[in-house]
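Computed from the coordinates by the stated procedures, all read-outs in this text should not be read as laboratory data. Everything numeric in this text was worked out from a predicted model, so none of it was measured. Cβ atoms come from the backbone with ideal geometry, glycine included; neighbour counts cover every protein chain shown.
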Amino acid sequence: MASSPNPDVSTPGIAARGLCRRFGTRWALIDVSLEVPGGGALLLAGRNGSGKTTLLRILATAIRADRGTAQIAGYPVATERDTVRRNVALLSHQNYLYEALTALENLQVAARFLGRPASRDFLLPLLERVQLAERADDPAATFSAGMRKRLALARTLLQEARVILLDEPYGQLDPPGFELIDRLVRGFRSQGTTVVLSTHQIERGSALCDQGLVLDAGRPVWTGSAADLPRRGPFRTSTSAEGAC
């Protein structure tokens with residue numbers, strides 16, 4: 001499959017200022033700002049419930065911020081959502097696969113939705129990249145958790161997005177799967193694609209990313225070079241999240 005043209009790396013892949021998000025009375029994200037250049041990679045870390053997934057979902061237009069602004073590849077998330085969705089791909093915790101369909105059929109559904117070619121010849125190389133080509137005609141219901149993650153990853157690759165958001169991509173994978181993620185992230189970067197890697201695998205992530213950001217209780221509590229990101233917390237904020245935004 002032909003690779004997509006290299007994006008314009010002069011435009012920041014992601015730029016966000018003062019993002020806040022509330023669920024009921026609880027602030028899940030509090031005054032988060034970040035900028036990742038085109039072709040750059042951000043390691044996003046923090047304990048469970050720290051706000052990482054909320055941040056990624058805002059950037060992917062899955063949910064809206066209550067306050068603050070964000071841009072993906074130069075496009076405002078709040079006002080150009082359709083354009084942003086064509087430029088961003090999110091690999092989330094949930095795979096959202098059609099269990100009764102085969103691996104190839106799952107990709108065909110996604111391809112038609114995205115306006116991409118849906119032929120077997122076009123899609124099979126994607127399954128080869130995630131080492132599922134031999135199971136192309138098997139229903140997703142027969143797959144292990146790790147195989148389902150690989151299929152969801154193939155669907156993410158199908159988008160050929162300018163910005164890739166990976167939410168715990170190593171989850172459910174075996175050691176060869178870890179190496180697959182590492183190779184793909186390096187490949188994204190070599191093509192000028194911007195990456196956000198949210199993971200508890202700090203050692204792996206710091207070897208792949210330039211920048212690091214740690215969230216705790218929805219707040220940024222550490223920023224710097226990914227190589228210097230602390231391997232252990234606790235990353236606790238002293239300010240209450242109530243009414244913070």
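Name the most mobile residue of 13, 24, 39, meaning the one with the largest mean-square fluctuation, in a Gaussian network model of the chain with Cα contacts below 10 Å.
24
Relative contact order, percent, of the range 1-99 when contacts are C-alpha pairs under 8 Å separated by at least 6 residues?
Taking the mean separation of contacting Cα pairs over the length of the range 1-99, I get 28 percent.
At each listed q (0.29 Å⁻¹), what is the log10 of I(q)/I(0) that the Debye formula gives for the range 172-229 modelled as equal alpha-carbon point scatterers?
The calculated log intensity ratios at q = 0.29 Å⁻¹ are -1.23.
Just checking my list (1) 17.8, 55; (2) 19.4, 68; (3) 47.7, 160 against Rg and Dmax of the Cα atoms in Å computed from this structure; which label fits?
(1)
Using only Cα atoms, find the angle between the long axis of helix 145-158 and the longest principal axis of the chain, and express it within 0 to 90 degrees, rounded to the nearest 10.
Long axis of 145-158 versus the principal axis of the chain: about 90 degrees.
Grab the other residues whose beta carbon is less than 12 angstrom from that of residue 42, score K and R as +1, D and E as -1, and report the net.
Around residue 42, the charge tally is 0.
Net charge near residue 171, counting Lys/Arg +1 and Asp/Glu -1 over other residues with Cβ under 14 Å of its Cβ?
+2
Using DSSP loop states and a limit of at most 14 other Cβ atoms within 10 Å to flag chymotrypsin sites (Phe, Trp or Tyr not before Pro), what is the longest stretch of the chain containing no flagged site?
In short, 99-245.
Between beta-carbons, use under 12 Å as the cut-off and find the net charge around residue 61, counting Lys and Arg +1, Asp and Glu -1.
Overall, the nearby charge balance is +3.
Just going by the charge dipole of the chain, with Lys and Arg at +1 and Asp and Glu at -1 on Cβ, which of 207, 165, 140 is farthest out on the positive end?
Of the options given, the answer is 165.
Considering only the chain, what is the antiparallel percent among its DSSP beta bridges, to the nearest 5?
About 55 percent, rounded to the nearest 5.
Taking the Cα centre of each part, how many Å lie between the range 12-26 and the range 53-115?
Spelled out, the Cα-based centre of one part sits 16 Å from the other.
So how far apart, in nm, are the two label points at residue 64 and residue 96 if each is 7 Å from Cα heading toward Cβ?
It works out to 1.9 nm between the two label points.
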